[in-house]
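Enquirer: Quick one: this structure, given as structure tokens, is what I'll be asking you about.
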Amino acid sequence: MHNNDKFQSLRRQYPSFEYVAYHHEETPEGLRLWFDFRMGDIEFHPTAVVERRPFLDFEAAIDDIVFNIGMVELVSYWKCACPPAVKVLCGSLSDSQIAFWRKLYWHGLGEFFYTNGIDASFDDYMHLNGYKTAGEQHQILPTIPTIHYPLSTHYLVPIGGGKDSVVTLELLRRAGRSVRPLIMNPRGATVECAAKAGFAIDDVLVIRRTIDPVLLDLNKQGYLNGHTPFSAMLAFYTHLASVLSGIPNVALSNESSANEPTVLVRDRSGANENKWDSVNHQYSKSLEFEDDFRAYSPSFNYFSFLRPLTELQIAMLFSRFTAYHDVFRSCNVGSKQDIWCGHCAKCLFAYIILSPFIAPERLNAIFGKSMLDDMSLRTEFLQLTGHAETKPFECVGTVSEVNAALSMAIERWYPASRPALLKDLAVGPIPPADTLHSVAAIGNLTAEERQILQAACTEKTN
């Protein structure tokens with residue numbers, strides 16, 4: 001898609017984007033948040049509600065956190081025209097805080113710039129100003145190099161409905177930790193995964209976020225559109241959830257492969273033909289973002305419990321939790337219908353990564369067909385296995401993980417006759433056993449949390 005001319009035209013039409021105000025109030029439904037953004041004569045008013053639960057304290061001090069949520073919400077609205085100036089009229093930002101946001105917007109919108117064919121440079125794509133108000137100052141917590149958290153065995157676990165959050169929930173629960181699920185915009189798979197773990201919806205911390213229909217209407221009119229860093233938005237909402245619930249630990253389920261770029265591209269500014277930049281669909285799930293966010297929001301323990309694991313290890317662990325096999329879903333195309341669509345790269349990846357550990361007949365029942373026999377998925381297959389220019393713009397594992405999974409599946413299930421997509425595949429070596437049983441020394445886990453992973457990965461199963 002080549003939208004660079006549209007990008008330049010819209011920036012001339014809308015030279016600035018204003019963060020006017022943020023609000024929060026307790027209502028019978030729960031804690032309601034809403035934000036006021038302005039772009040020329042267009043106004044946006046996105047909202048969110050934290051549903052009322054007896055374990056939440058709606059009198060907690062949350063003003064600065066709500067302000068921050070507005071800062072991450074605005075990127076979804078800014079991107080429709082990409083005004084060159086963003087003016088924060090309702091709070092103040094230090095130079096280091098401005099640097100944090102500009103880095104997040106740049107890398108978090110990398111896929112948006114790339115897929116729209118936009119020429120932009122980090123220095124000029126957006127200038128951010130934080131204005132001090134005459135009255136109360138809204139100063140965000142300062143960045144600090146070392147973070148110390150109170151010891152606690154209580155965890156909030158965001159549930160997305162896929163295999164990863166199930167593994168986090170089950171391993172922490174089985175290790176005797178107190179866990180409470182957190183769901184944003186509940187759907188069938190998220191609610192059913194929580195239910196399989198023994199949680200009724202009233203035991204779950206639920207946040208409902210609503211996009212302003214004005215933005216959806218602009219998208220229909222042809223304004224710029226594309227991927228935004230949803231996981232960064234979730235991070236700031238989990239800060240709010242941590243304060244309201246009094247639970248200091250938020251255990252995400254982002255694995256090591258989230259650090260791998262989706263594609264390497266020439267410098268998006270076009271200024272240096274010899275410089276390459278990377279675009280990562282999963283940037284806001286990466287360890288780099290996690291570390292930046294922990295420094296920016298140091299008052300709670302935001303970390304990924306699965307960071308030391310590969311997708312293969314997570315698939316191995318998930319295969320043991322058979323109660324979830326018929327209810328988990330991680331297909332974005334079929335999310336509204338709560339189905340596996342069976343035609344996208346995300347479905348194919350989930351099928352492949354589980355294929356060494358779950359028998360083909362059972363996998364076919366879960367996904368509705370033998371996905372490795374579907375030749376209409378050849379393009380996606382080539383992308384996943386590293387035989388195309390880019391990986392799919394989806395939350396998928398590394399090329400090496402995909403190929404290792406296929407080698408393991410062929411050896412275990414297809415020694416004689418292979419499915420259609422595997423017939424011409426040059427099979428690599430079977431990964432050594434310690435690939436599945438060693439836990440990498442990365443991430444922000446405690447020694448005890450790392451030991452939970454190590455014990456699970458070395459556990460003997462039938």
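The values are calculated or read from the model by the stated rules, or taken from the named source; none is laboratory data. What you see is a predicted model; the values in this text were computed from it and never measured. For neighbour counting, all protein chains shown are included, and Cβ atoms are generated from backbone atoms with ideal geometry for every residue, glycine included. Areas reflect the complete protein model, heavy atoms only, side chains present, ligands, DNA and RNA absent. Shrake-Rupley method; radii C 1.70, N 1.55, O 1.52, S 1.80 Å.
Enquirer: For the stretch 192-218, name all the residues that are part of a helix (DSSP H, G or I), open to solvent by 40 Å² or more (accessible area, probe 1.4 Å) and either touching a strand residue (DSSP E or B) at 6+ places or on another chain (Cβ under 8 Å) or within 29 Å of Asn116 (Cβ to Cβ) (or both). Break it down stepwise before answering.
Expert: Residues of the stretch 192-218 that are part of a helix (DSSP H, G or I), as a first pass: 192-196, 201-203, 213-218.
This time we only want the ones that are open to solvent by 40 Å² or more (accessible area, probe 1.4 Å), so: 192, 195-196, 201-203, 213-214, 216-217.
Selection gives Asp203, Pro213, Val214, Leu216, Asp217.
Enquirer: Residues to consider are Ser92, Ser16; find the one that is more than 25 Å from the chain's Cα centre (by Cα) and open to solvent by less than 20 Å² (accessible area, probe 1.4 Å).
Expert: Ser92
Enquirer: Looking only at the stretch 19-43, count how many residues are under 26 Å from the mean Cα position of the chain (by Cα) and open to solvent by 20 Å² or more (accessible area, probe 1.4 Å).
Expert: 6
Enquirer: Test His127 against the criterion of being at pLDDT 50 or above, within 30 Å of Ala189 (Cβ to Cβ), open to solvent by 60 Å² or more (accessible area, probe 1.4 Å) and not hydroxyl-bearing (Ser, Thr, Tyr), and give yes or no. I'd like the intermediate steps shown before the answer.
Expert: Working: at pLDDT 50 or above: yes; within 30 Å of Ala189 (Cβ to Cβ): no; open to solvent by 60 Å² or more (accessible area, probe 1.4 Å): yes; not hydroxyl-bearing (Ser, Thr, Tyr): yes.
No, not satisfied.
Enquirer: Does any residue in the stretch 68-79 that is under 13 Å from Arg38 (Cα atoms) come within less than 6 Å, Cβ to Cβ, of a residue that is assigned to a helix (DSSP H, G or I) and not aromatic (Phe, Trp, Tyr) six or more places away or on a different chain, and which pairs are these?
Expert: Here the result reads Tyr77/Leu215, each pair linking the stretch 68-79 to a residue that is assigned to a helix (DSSP H, G or I) and not aromatic (Phe, Trp, Tyr).
Enquirer: Can you pull out the residues in the stretch 365-377 that are among the polar types (S, T, N, Q) and either under 11 Å from His343 (Cβ atoms) or free of Cβ contacts under 8 Å to residues at least 12 places away in the same chain (or both)?
Expert: Ser376 - this is the single residue of the stretch 365-377 that is among the polar types (S, T, N, Q) and either under 11 Å from His343 (Cβ atoms) or free of Cβ contacts under 8 Å to residues at least 12 places away in the same chain (or both).
Enquirer: Another question, then. Filter the stretch 378-413 down to the residues that are outside any helix (DSSP H, G or I) and free of Cβ contacts under 8 Å to residues at least 24 places away in the same chain and list them by number.
Expert: Scanning the stretch 378-413 gives Gly386, His387, Ala388.
Enquirer: Now a separate question. For residues that are open to solvent by less than 10 Å² (accessible area, probe 1.4 Å) and outside any loop (DSSP other than H, G, I, E, B), scanning just the stretch 315-334, find the one that is nearest to Glu394 (Cα to Cα).
Expert: Ala315
Enquirer: Still on this structure, please answer the following. Restricting the search to the stretch 227-249, which residues are over 14 Å from the mean Cα position of the chain (by Cα) and open to solvent by less than 30 Å² (accessible area, probe 1.4 Å)?
Expert: His239, Leu240, Ala241, Ser242, Leu244, Ser245, Ile247, Pro248, Asn249
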